[in-house]
Amino acid sequence: MEQTVYHSFFEARKNNRKKFAVLIDPDKVSSDSIINTVDLAVKAEVDYLFLGGSLLVNDTLEVCLDIIKSSCDIPVILFPGSTMQVNAKADAVFLLSLISGRNPELLIGQHVIAAPMLKQSGLEIISTGYMLVNGGVPTTVSYISNTNPIPADKNDIAVCTAMAGEMLGLKILYMDAGSGAQQPIRSSMIKAVRENVNVPIIVGGGITTPEKAMESCRAGADIIVVGNAIEKDTSLIIKIANAIHAQAMI
Ligand code: 1GP
C-alpha cells in the first residue's frame, strides 16, 4: 500500500507548510450538515478530513464516507475510537497507540485483533503515537480509554513520551487535549516536543479560533485539527483555514 497521505504529512513537515484537518464525528452530523461542511471545506482548501469519534452510538460511518467521497477529493483519514470503526472507503487510517496511557489494550491488544481486518482493507495505515494531554475537563476519550492524560504543565513527560514513541518507530504524533477541551495544549508543550522529535506532529482539542490555531502552528504543530468549534459554527472553517495556510508562508 502506497503511503500517499503519510507522504503528504512528511512533505508538509519538511517544507514547513502547515495543514488543516476538519474532524467529523459521524454521530454529530446529518446528511445536510455534512454536505455543508464538505462544501465549505472544499472552498477553504482544507487539507484533510478526519472521521471518527471516541464513542459511536449510530452506525453512520459508511453513510458519512459515501457522502464525503461523492462530494470532494479531500483525503479522508479514519480516526477510530475502536476497531469497529474501520471502512475501506476511506483513504487512510490512524493506527493509534495511546502512548500517554498505560492501558495495554490500547497500546497493542486491540491492534492484534484489528491487524487482519486492516490488512485486508487495503487502507493506508499510519502508525500514530497518540498523546492525550489534560485540557481542563475529563474527556470522553480519557473515560473510555481508562487512562489519565498527561498533566497540562508537565512538558518533560510529554517530551519523553514523544521521544519514546518516535524511537519505537511510530510515524507521527497526535497531541490531543480531547474533543471539547477547555484549554488547548499549551504552546510551551508543543514547542518542547517539536524540539525533541522529527516526526510530523498533529495538534487538536479545544482549538476554537484562528488565533489559537496559529499559536499551535507557531509552536511547531504541522497539522491542526478542529472538530467541536466547527460543529457549532461552520463559518470558522474558512477563517481557520486561511489563518493556518497563511502561517505556512511566513
Ligand atoms: C479531538 O483533536 C480533536 O480528538 C478535535 O478536538 O473537537 O475540541 O476541536 P475539538
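We did not get these values from a lab; they are worked out from the coordinates using the rules stated. Quick caveat: nothing in here was measured; it's all calculated off a predicted structure. Cβ: placed from backbone, ideal geometry, glycine included. Neighbour counts: every protein chain shown.
Which of these, LYS69, LYS232, LYS191, has the largest mean-square fluctuation under a Gaussian network model of the chain (Cα springs below 10 Å)?
Highest fluctuation among the options: LYS232.
Per 10 Å bin from zero, what fraction in whole % of the C-alpha pairs of region 87-160 is there, up to the bin with the longest pair?
Percent of Cα pairs in each bin: 18, 42, 29, 10, 0.
With 10 angstrom as the radius, rank ARG218, ARG102 by how many other C-beta atoms surround their C-beta, starting from the fewest. Provide the component values of the computation, followed by the final result.
Values: ARG218 14, ARG102 11.
Sorted ascending by nearby Cβ count, the order is ARG102, ARG218.
Take the alpha carbon atoms of region 76-101, find their center, do the same for region 180-250, and report the distance between the two centers in whole angstrom.
Here the two parts' Cα centres lie 20 Å apart.
Could you rank the peptides 178-184, 119-125 by their average count of other C-beta atoms within 10 Å per residue, with the highest value first? Could the numbers behind the result be given before it?
On the way: 178-184: 20.3, 119-125: 15.4.
So the order, starting with the most tightly packed, is 178-184, 119-125.
Please sort by residue number the GluC sites (Glu not before Pro) in region 134-238 whose DSSP state is loop and whose Cβ has at most 12 other Cβ atoms within 10 Å.
Numbers: sites: GLU166, GLU195, GLU211, GLU215, GLU231; in loops: GLU195.
Sparse-neighbourhood loop GluC sites (Glu not before Pro): GLU195.
How big is D for region 159-202, in µm² s⁻¹ as a whole number, if Stokes-Einstein is applied with the Kirkwood radius of its Cα pairs at 25 °C and 0.890 mPa s?
On the way: Rh = 10.9 Å.
Result for D is 224 µm²/s.
How high is the relative contact order of region 1-97, given as a whole-number percent (alpha carbon pairs under 8 Å, six or more residues apart)? Numbers along the way, then the final one.
On the way: 126 pairs, mean separation 26.0, N = 97.
Relative contact order for region 1-97 comes out at 27 percent.
Taking loop as defined by DSSP and a crowding limit of 10 other beta carbons within 10 Å, which GluC sites (Glu not before Pro) in region 1-88 fit? Don't jump to the answer; show the numbers that get you there.
Details: sites: GLU2, GLU11, GLU45, GLU62; in loops: GLU2, GLU45.
Those that pass, being in a loop and sparsely packed, are GLU2.
Nearest 0.05, what FRET efficiency do ASN146 and LYS69 give at R0 = 41 Å with Cβ-Cβ as r?
0.75
Go ahead and estimate [θ] at 222 nm for the chain from helices alone: -39,500 (n - 2.57) per DSSP H run with n ≥ 4, summed, over the residue count, rounded to 500.
Working: 10 runs with 102 residues, N = 250.
Helix-only estimate at 222 nm: -12000 deg cm²/dmol.
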